[in-house]
Structures are given as C-alpha cells and as structure tokens.
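> Please find one structure pasted underneath; my questions will follow.
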Amino acid sequence: MMKLLRRFLIGICLVVFTAVVALGLGALVPRPLFDSNPVMEVAQSSADKRRILILNNPIHTDIALPADPDVLEAFGFVSDGGLELDYPGVFWIAFGWGGRSFYIETPTWGDLKPGPVIDALTWDASVMHVRRTGDIPLEQESVRVVELSQLEFDELVNDIMTSFQSDGTAPPTAIPGVASDAHDIFFPAVGGFNAMMGCNTWTADMLRRAGVKTGMWTPLPLTLDWSLDLHNGR
C-alpha cells in the first residue's frame, strides 16, 4: 500500500514539475524565433502609432480596439447583429475568443457546472465575445497598453475579423439570447477550443500576426504577460 501511495505521489510531483517547466519554457521561448518581417519593422518606426489594450483577469484575456471610425466600419456586422458599437460613451470594443459552453453557460463562478469544465478540458465549439466599454483607466494592473503601427493595426483588425465564423457569402450571424447584458454579444467563431489552446493562445496568436513577439505557448494570462514583458518590455 505504501509503495502504491509513494508512486502516486511521485507521479503527481512529476506532472506538476512538467507543467511548470512547460509553462516557463512556453513564455521564455519567443515566437517567432527570429524577426522575419522587415516590412512590419519599417512600418513600426515610421508610421503613426495606434493604441490597443490587452485586458486580463486570472483566466482570460481580451483585445480592446479603440472605437474609432475605421474600427466601427470594419465591425459593422456587430452593430447589424444587435450590438450598436457607435454608441454614446463607448471608447473601446473588446474582443475575446473562447469555448462556447464555458463562455456562455458560466457568466460567473457561481454558475460553474461540470459540463462546461469537461468541454473546456476536452473539446468545445468556439465563440467570439464582443463587448463595448467606456473609458478604461490605463494604470490598472489588468490593462496592458500596446502600440502598433497603422499597418500592424490593420493586420490585427483583419485577423480578428477572420476569427468570426462566416460562410463567405454573408456577414457573421450573432447567437441569439446569450448576451450577458446590454453591452455584449456572442458570435460563432472559427476553430475548436480546449484549455491547452484556449483564449490566451488566441490573444497571443493575434498579437504575433500583428508583429508583436510573444512566448511560444501561453495558455494563461500570467504567462502571456510574462512573455510580452520578456520579449517586448512593458
């Protein structure tokens, strides 16, 4: 009995150790390994900067774009779908990709049920969550400011748009009846979700496509933040 218990404890320790090492290496090893987009580098040094925000809580990150005319036009289908983005007092439009069950069925921790947790750990359909917000204090610990060139900003907007599911012949269609309140909306998204390749790896992927270096694998907001500090500075 003692041998079995000892093996069990050793196995748990090995799993924890492996997970810690993987998370550390995921943040430490940059992606891409080498700077391979000189066009983006030139644009970064010569063009006017556009500000975006990375919003985080202990388990999730969103990308917030300014509610500027070009952003409102690009995401006009969101307004057409039921959430008017050109709305009084709106400064930012926040976008988050995540698992449908967890995102929609678990608006608060008090709503947590086994089904969404199992889906998150295995496989779930994905959704795009869009929220309109007022002014966001930039000094908050949960807010990271990222400056992009206009070229990089346009690339980010385009990549976020392509994360919405569409048949190519019509704009994305909102999921009816699942909004958390009057200021958000959900759409079907591209790709399947699980906890190892979830919302925070989507955020990292969007940033990389826009020319921001991140860690190789950043499944947690904390590891994404570490990697951005390490490879770009705060």
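The values are calculated or read from the model by the stated rules, or taken from the named source; none is laboratory data. Please read these numbers as outputs of a predicted model, since none were measured by experiment. As a convention, Cβ positions derive from the backbone with ideal geometry for all residues, glycine included, and neighbour counts pool all protein chains shown. Please note that ligands, DNA and RNA were not included when accessible areas were found on the heavy atoms of the full protein model with its side chains. Shrake-Rupley method; radii C 1.70, N 1.55, O 1.52, S 1.80 Å.
Condition check ((1) in contact (Cβ under 8 Å) with a residue 60 or more places away in the chain; (2) within 14 Å of the chain's Cα centre (by Cα)) across all residues:
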site	(1), (2)
Thr169	no, no
Thr173	yes, no
Gly177	no, no
Asp205	no, yes
Ala210	yes, yes
Thr218	yes, yes
Pro221	yes, yes
Asp225	yes, yes
Asp229	no, no
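> Continuing with the same structure: How many residues does the range 105-124 contain that are open to solvent by 40 Å² or more (accessible area, probe 1.4 Å) and either of a type in the set (A, V, I, L, M) or farther than 15 Å from Gly198 by Cβ (or both)? Reasoning before the result, please.
We begin by selecting, within the range 105-124, every residue open to solvent by 40 Å² or more (accessible area, probe 1.4 Å); these are 105, 107-114, 117-119, 121-123.
Next, from what is left, pick out any that are either of a type in the set (A, V, I, L, M) or farther than 15 Å from Gly198 by Cβ (or both): 105, 107-114, 117-118, 121.
Qualifying residue count for the region: 12.
> Can I ask one more? Suppose we keep only residues that are more than 14 Å from Gly96 (Cβ to Cβ) and in contact with a Pro (Cβ under 7 Å, 6 or more places away or on another chain) within the range 144-171. Which one would you say is modelled with the lowest pLDDT?
The residue in question is Ser166.
> Which one of these is open to solvent by 20 Å² or more (accessible area, probe 1.4 Å) and in contact with a Leu (Cβ under 8 Å, 6 or more places away or on another chain): Ala67, Ala74?
On the way: Ala74 fails: in contact with a Leu (Cβ under 8 Å, 6 or more places away or on another chain).
It is Ala67.
> Sticking with this one: So, in the range 31-55, how many residues would count as being open to solvent by 30 Å² or more (accessible area, probe 1.4 Å) and at pLDDT below 95? Explain how you work it out, then say what you get.
From the range 31-55, those open to solvent by 30 Å² or more (accessible area, probe 1.4 Å) are 31-39, 41-42, 44-51, 55; that's our starting set.
Still in the running and at pLDDT below 95: 31-39, 41-42, 44-49.
Final tally of qualifying residues: 17.
> Which residues, counting only those in the range 206-226, are assigned to a helix (DSSP H, G or I) and within 19 Å of Asn57 (Cβ to Cβ)? Steps first, answer last, please.
Step one: filter the range 206-226 for residues assigned to a helix (DSSP H, G or I), giving 206-209, 221-226.
Hits for the range 206-226 are Met206, Leu207, Pro221, Leu222, Thr223, Leu224, Asp225, Trp226.
> Sticking with this structure for a sec: Restricted to the range 77-104, and to residues that are under 12 Å from Val130 (Cα atoms) and of a type in the set (Gly, Ala, Ser), which residue is most open to solvent (accessible area, probe 1.4 Å)?
Here the residue is Gly82.
> Tell me, yes or no, whether the range 133-143 has at least one residue that is modelled with pLDDT of 95 or more, assigned to a strand (DSSP E or B) and surrounded by 21 or more Cβ atoms within 10 Å (Cβ to Cβ).
Taking every residue of the range 133-143 in turn, none turns out to be modelled with pLDDT of 95 or more, assigned to a strand (DSSP E or B) and surrounded by 21 or more Cβ atoms within 10 Å (Cβ to Cβ).
> Among the residues of the range 178-211, what is the count of those that are among the charged types (D, E, K, R), in contact with a Lys or Arg (Cβ under 7 Å, 6 or more places away or on another chain) and either open to solvent by 20 Å² or more (accessible area, probe 1.4 Å) or modelled with pLDDT under 95 (or both)? Walk me through how you get there before you give the answer.
So in the range 178-211, the residues among the charged types (D, E, K, R) come out as 181, 184, 205, 208-209.
After this cut, where a residue has to be in contact with a Lys or Arg (Cβ under 7 Å, 6 or more places away or on another chain) as well, the list is 184, 208.
Remaining after also requiring either open to solvent by 20 Å² or more (accessible area, probe 1.4 Å) or modelled with pLDDT under 95 (or both): 208.
Matching residues across the range 178-211 total 1.
> Sticking with this one: From (1) over 19 Å from Phe164 (Cβ atoms); (2) in contact with a Phe, Trp or Tyr (Cβ under 7 Å, 6 or more places away or on another chain), pick out the condition that doesn't hold for Trp97.
Single failed check for Trp97: (1).
> Tally the residues that are among the polar types (S, T, N, Q), farther than 29 Å from Phe193 by Cβ and out of contact with any Ser or Thr (no Cβ under 9 Å at 6 or more places or on another chain), restricting the search to the range 129-155. Steps first, please.
Narrowing the range 129-155 to residues among the polar types (S, T, N, Q): 133, 140, 142, 149-150.
Now narrow it down to the ones that are farther than 29 Å from Phe193 by Cβ: 149-150.
With the extra rule that they be out of contact with any Ser or Thr (no Cβ under 9 Å at 6 or more places or on another chain), the set shrinks to 150.
Total satisfying the criteria: 1.
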